[in-house]
Each structure stands twice: as C-alpha cells, then as structure tokens.
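Here's the structure we're looking at; comments come further down.
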Amino acid sequence: MAASYPDQHMQKLLRALSTLKTPAELALFLRDLMTVKELEDISQRWQIVLLLEQKLPYLEIAKQVGVSTTTVTRVALWLNHGQGGYKTALARLHTINKSA
C-alpha cells in the first residue's frame, strides 16, 4: 500500500461516503460511481469474506461465488493480514444482528 494512502482524492471520496445515512443512499451513490461489473466484483469479494468466516474450503467458495481460487486466496489474505477493514465490518454486522 502506498505511503500516502489514503491520498487527498481518496479522502474526498471517503468523506462523501461517510455522509450517506442509509443502505439505499449508499446503493444509489455506488451505482452512480461504479459500473455494474465493478459493483458485482466488490459484492463477490464481500460474499467471499462471509464464506471464509464460515470456514468453508477455498475451492467450495470459489465454485459457489463463481471466482477463481486465486481470488479467494487474495481476499483471505486481506481478511487475515490486511488493515482490519473486513474484520471491523464483520464485527459491526454481528453486533447489529445480535440486537435485532
């Protein structure tokens, strides 16, 4: 990761994202920002995270999501050795689900 992460442009994007208050607002913003393919790709990555959390084998995850095992391995690497973003989101979702 570059030493200047997040750079000033990324910081502006992050600030814009942080203003959105509902999943519906976020969905509209992301659809305007990205192509359908880009949205599908990041959605697949999140599916992989959720399946990795269930301790499913990489090959099974790859088949279920429709990606290569290389993609599963890459996501697993970031889940286990990244910046902690995936783990923060997972923990917060578990908290929300427990209180619902």
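What dipole magnitude, in Debye to the nearest 20, does the chain give about its Cα centre under +1 on Lys/Arg Cβ and -1 on Asp/Glu Cβ? Display every interim value, and only then the final one.
Values: 12 positive and 8 negative charges, 52 e Å.
Roughly 260 debye, rounded to the nearest 20.
Okay, helix-only estimate at 222 nm for the chain: each DSSP H run of n ≥ 4 adds -39500 (n - 2.57), divide by all residues, round to 500 deg cm²/dmol; what do you get?
Rounded to the nearest 500, it is -24000 deg cm²/dmol.
Give me the one-decimal nm value for the distance between modelled label points at Arg31 and Ala91, 7 Å along each residue's Cα-to-Cβ direction.
3.3 nm
How many nm separate the modelled label positions at Gln44 and Glu60, each set 7 Å beyond the Cα in the direction of the Cβ?
The two pseudo-label positions are separated by 2.1 nm.
For the chain, what is the convex hull (Cα atoms) projected area averaged across all directions, in square nanometres?
For the Cα atoms of the chain, the hull's average projected area reads 7.8 nm².
Lys12 versus Glu53, label points 7 Å from Cα toward the beta carbon: distance in nm?
About 3.3 nm, to one decimal.
Would you mind counting up the charge near Ala76? Only other residues with Cβ under 12 Å from its Cβ, with Lys and Arg at +1 and Asp and Glu at -1.
Combined, the nearby Lys, Arg, Asp and Glu give +2.
Loop only per DSSP, at most 14 neighbouring Cβ atoms within 10 Å: give me the trypsin sites (Lys or Arg not before Pro) in the range 31-83, ordered by residue number. Walk me through the numbers before you get to the answer.
Numbers: sites: Arg31, Lys37, Arg45, Lys55, Lys63, Arg74; in loops: Lys55.
Taking the range 31-83 and a limit of 14 other Cβ atoms within 10 Å, the loop trypsin sites (Lys or Arg not before Pro) found are Lys55.
For Lys37, list the lysines whose Cα falls under 29 Å from its own Cα; do not include residues on the same chain fewer than 8 positions away.
Candidates past the 8-residue exclusion: Lys12, Lys21, Lys55, Lys63, Lys87.
Each reported figure results from applying straightforward, stated rules to the coordinates on display, with no laboratory input. For clarity, every value in this text was computed on a predicted model and none was experimentally measured. Backbone-built Cβ (ideal geometry, glycine too); neighbour counts: all protein chains shown.
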